[in-house]
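The values are calculated or read from the model by the stated rules, or taken from the named source; none is laboratory data. All values derive from a computational prediction rather than experimental measurement. Positions of Cβ are generated from backbone atoms using ideal geometry, with glycine treated the same way; all protein chains shown enter the neighbour counts. Each accessible area value is taken on the protein alone, full model and side chains, heavy atoms only, with ligands, DNA and RNA left out. Shrake-Rupley method; radii C 1.70, N 1.55, O 1.52, S 1.80 Å.
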Amino acid sequence: MSVEAIRWKDGSLWLIDQRVLPHDEAWVQCTDAQSTAKAIADMVVRGAPAIGITAAYGLALEARAGGDLDLARDVLLASRPTAVNLRWALDELADCPPSDLLDAARQMHADDIAINQSMGAHGASLLPKGAKLYHHCNTGALATGGWGTALGIVRSAWLEDASLHVWVGETRPYLQGARLTAWELEQESIPCTLVADSVAASLMARGEVDAVLVGCDRVAANGDVANKIGTLMLAVLAKRYGVAFYVAMPSSTLDMRCPTGAEIPIEERDASEVQGHRGVTWAANVPVHNPAFDVTPAELITAWVTENGLWTPTESAA
Ligand code: MRU
């Protein structure tokens, strides 16, 4: 089974600290909604489904401590703006009696793994034998309850076809691909090669990619997809070179309240993430624009893969 990001143990929530992976395996303890929201905001845990599940546990922690649940919801909701799973998870628990919140959070966690495995099977059925895949960001077990969304499709496909290969885009500036996806794939000996993001065009031009696989942080009703910065660039390239572009989309990431991608809030992150890395600074004084996500228009997407099969915006909006 794949690596774990979220654990409930001895009355606390424990999150693997993704800021120090893959060099160190450290766990951060959360004891209430405040500490849980801080862990989400500080990137201890990341990935749309994972932060939704984490928020659900955060609410359960607050209930056990007898805290103010309305305030807790607001604090959790404010921790990161783009991934809609955070709001989805809190909405799902809105009518849950406080005494049942922990069981409900655990159930949401378990359901997410089953959803990913189902999405994995649907996605795997789209891929040719010996598929040459390109993956962006981290969408694996660490970014979800377990198994993964786009990386879950890779996992499911690889169980049937060990001859597939994954190009792992490093995903500047936060390096989720280089630090987390590459590590997850290595743990299971799934064949992969790490590339700088700027290599994608030449790979596609040489026919080295059959399909691009990405996850999503929020999908608008018209099918526009907010996902990790760089996703739009890959979708434009895929269109240019006739490469399939698949979005792994659990239903919890579809936001029917958002008509188009233009309404999706995009998180702007700290300049230091672009100016350097882990204490080494190479561009201290230059102004920086550091959006964490971009929006890919629906017209560039070949298919949205959900736990129930393929989704199309027209079908769903009808
Ligand atoms: O900023 P992050 O690391 O939380 O961003 C994660 C992503 O954008 C993932 O690609 C996304 O959540 C896909 S689904 C796991």
Inset, instruction - Considering each of S198, S163, S189 in turn, give the residue that is part of a helix (DSSP H, G or I) and either among the polar types (S, T, N, Q) or at pLDDT below 95 (or both). - result: S198
Inset, instruction - Name every residue in the range 53-79 that is open to solvent by less than 10 Å² (accessible area, probe 1.4 Å) and of a type in the set (A, V, I, L, M), in order of residue number. - result: I53, A55, A56, L59, A60, L61, A72, L76
Inset, instruction - Might you let me know whether the range 130-144 holds any residue that is assigned by TED's automatic domain parsing to the domain that holds G215, at pLDDT 95 or above, of a type in the set (V, I, T) and assigned to a loop (DSSP other than H, G, I, E, B)? - result: yes
Inset, instruction - Return the only residue of D103, D112 being modelled with pLDDT of 95 or more and open to solvent by less than 70 Å² (accessible area, probe 1.4 Å). - result: D112
Inset, instruction - Determine if the range 166-181 includes at least one residue that is without any contact (Cβ under 8 Å) to a residue 40 or more places away in the chain, within 16 Å of the ligand (Cβ to nearest atom) and of a type in the set (D, E). - result: yes
Legend entry - Test result for T82, part of a loop (DSSP other than H, G, I, E, B) and open to solvent by less than 10 Å² (accessible area, probe 1.4 Å): yes
Inset, instruction - Kindly state which strands (runs of 3 or more DSSP E) lie completely within the range 1-76 and contain at least 1 residues that are over 25 Å from Q117 (Cβ atoms) and not polar (S, T, N, Q). - result: 27-30
Legend entry - Contacts under 7 angstrom Cβ, first residue in the range 121-141 being on the phi > 0 side of the Ramachandran plot, partner away from the ligand (no atom under 16 Å from the Cβ) and of a type in the set (A, V, I, L, M), 6 or more apart: G130/L164
Legend entry - Tally, over the range 115-146, of residues that are out of contact with any Asp or Glu (no Cβ under 8 Å at 6 or more places or on another chain) and either more than 15 Å from the ligand (Cβ to nearest atom) or more than 26 Å from L234 (Cα to Cα) (or both): 3
Inset, instruction - Please tell me if L213 is open to solvent by less than 50 Å² (accessible area, probe 1.4 Å), in contact with a Gly (Cβ under 9 Å, 6 or more places away or on another chain) and of a type in the set (A, V, I, L, M, F, W, C). - result: yes
Legend entry - Residue ID - farthest from T144 (Cα to Cα), chosen from residues in the range 16-38 that are within 16 Å of the ligand (Cβ to nearest atom) and either open to solvent by 70 Å² or more (accessible area, probe 1.4 Å) or assigned by TED's automatic domain parsing to the domain that holds H277 (or both): K38
Inset, instruction - Could you tell me whether A157 is more than 16 Å from the ligand (Cβ to nearest atom), assigned by TED's automatic domain parsing to the domain that holds A196 and crowded, with 23+ Cβ neighbours inside 10 Å? - result: yes
Inset, instruction - State whether the residues of the range 95-104 include one that is closer than 26 Å to F293 by Cβ and out of contact with any Asp or Glu (no Cβ under 9 Å at 6 or more places or on another chain). - result: no
Legend entry - Failed item, numbered, when G130 is tested on (1) under 30 Å from E208 (Cβ atoms); (2) open to solvent by 70 Å² or more (accessible area, probe 1.4 Å): (2)
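Conditions tested, residue by residue: (1) in contact with a Lys or Arg (Cβ under 8 Å, 6 or more places away or on another chain); (2) closer than 22 Å to V199 by Cβ; (3) in the same structural domain as R80 (by TED's automatic domain parsing); (4) of a type in the set (D, E, K, R).
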residue	(1), (2), (3), (4)
Y241	no, yes, no, no
M249	no, no, no, no
D255	yes, no, no, yes
V295	no, no, no, no
W311	no, no, no, no
